[in-house]
1. Return yes or no: is residue 135 aliphatic (A, V, I, L, M), surrounded by 15 or more Cβ atoms within 10 Å (Cβ to Cβ), not assigned by TED's automatic domain parsing to the domain that holds residue 32 and not in a loop (DSSP other than H, G, I, E, B)?
2. If the requirement is being outside the structural domain of residue 91 (by TED's automatic domain parsing) and under 30 Å from residue 39 (Cβ atoms), which of these qualifies: 226, 252?
3. Taking region 215-238, which residues are aliphatic (A, V, I, L, M) and modelled with pLDDT under 70?
4. Test residue 8 against the criterion of being modelled with pLDDT of 95 or more and either touching a helix residue (DSSP H, G or I) at 6+ places or on another chain (Cβ under 6 Å) or assigned to a helix (DSSP H, G or I) (or both), and give yes or no.
5. Would you be able to say whether some residue in region 187-200 is part of a strand (DSSP E or B), crowded, with 17+ Cβ neighbours inside 10 Å and in the same structural domain as residue 257 (by TED's automatic domain parsing)?
6. Which condition number in (1) surrounded by fewer than 19 Cβ atoms within 10 Å (Cβ to Cβ); (2) over 30 Å from residue 189 (Cα atoms) is the one that residue 149 fails?
Amino acid sequence: MRPTAVAGLTALILLLSGLCPVTAAPRIVSLDECADQYVLGLVPRQQIAAVSNKAALPDSYYRDRVKGLTQVRPNAESVLALKPDMVVRTWGGDARLLQMLARNGIQVVTINDVSTFDQARTELHRAGDAMGVDAAAQAEAERFQAALDDVRPIGLNRTVLYYTPGGYSAGPDTMVGEMLRKLGFRLESQDKGFFALSPEVILSLHPDVFALGFYDDVYEMRRSPGRNPLVQRLIAATPHFTLPRRAVSCGGWYSVYDLRVLSHSTEVK
């Protein structure tokens, strides 16, 4: 018998006798809406012990995959009761919970914020590796790249201002800014991060186009900046379109899927 055959037979015997341990796929809990997307988007359903209590909200990209799954609040008692092997989080869970997880030997995978599509690709692979779902991450990376290559530039190099009913905008160092650049726009403001614009300031700006966020949110529309009649009149008189809320709530590789659809279905005149 060849040496390789002997080695293979020996490994099989050890496996069947229980002397060669098999690493089971981890049972995973995600703690917050942004972490939910990585778990729902990559992890086999049978490995998902629970997702967060926000996983089925309209802001959640993969909310259609939540039905039948346990949803949990990010507190120690609820999470530990599920006996997970791994917890995935971005911002969810306080210091007490994290300490309890460490004391119980539960692995914690923290998802990083991303502000560019290159970062989104890197984080997709990193998270997939950490959760043991490399093949799923690679498949998503290929789908992601195909969608990214197919985004149609509708901005025609015009200036754009992102605006929400709460009066917030986004700078070039955010995922929203990255999406708007990918659509072919130039950002009206170069301020960094997410920042507030008072009605007085926004009325002094003159973007060619408004990109609106969360304008389908009844709660957000109660916010005073978005209700200002002069601001509403300015937006109505200016070309505008709405970014899909699930694409901007938690920016990740999946955001490009809605961006591609938007670019093929929207004409900004």
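The values are calculated or read from the model by the stated rules, or taken from the named source; none is laboratory data. Keep in mind the model is a prediction, meaning the values are calculated, not measured. We place every Cβ from the backbone using ideal geometry, glycine too, and count neighbours over all the protein chains shown.
1. Judged against the criteria, residue 135 is not a match.
2. The match here is 252.
3. The answer is 218, 221.
4. For residue 8, the condition - modelled with pLDDT of 95 or more and either touching a helix residue (DSSP H, G or I) at 6+ places or on another chain (Cβ under 6 Å) or assigned to a helix (DSSP H, G or I) (or both) - is not met.
5. Yes, region 187-200 has at least one match.
6. Against the list (1) surrounded by fewer than 19 Cβ atoms within 10 Å (Cβ to Cβ); (2) over 30 Å from residue 189 (Cα atoms), residue 149 comes up short only on (2).
To keep it simple, each residue is scored yes or no on (1) hydroxyl-bearing (Ser, Thr, Tyr); (2) assigned to a helix (DSSP H, G or I); (3) surrounded by fewer than 20 Cβ atoms within 10 Å (Cβ to Cβ).
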| position | (1), (2), (3) |
| --- | --- |
| 173 | no, no, yes |
| 178 | no, yes, no |
| 203 | no, yes, yes |
| 225 | no, yes, yes |
| 264 | no, yes, yes |
| 267 | no, no, yes |
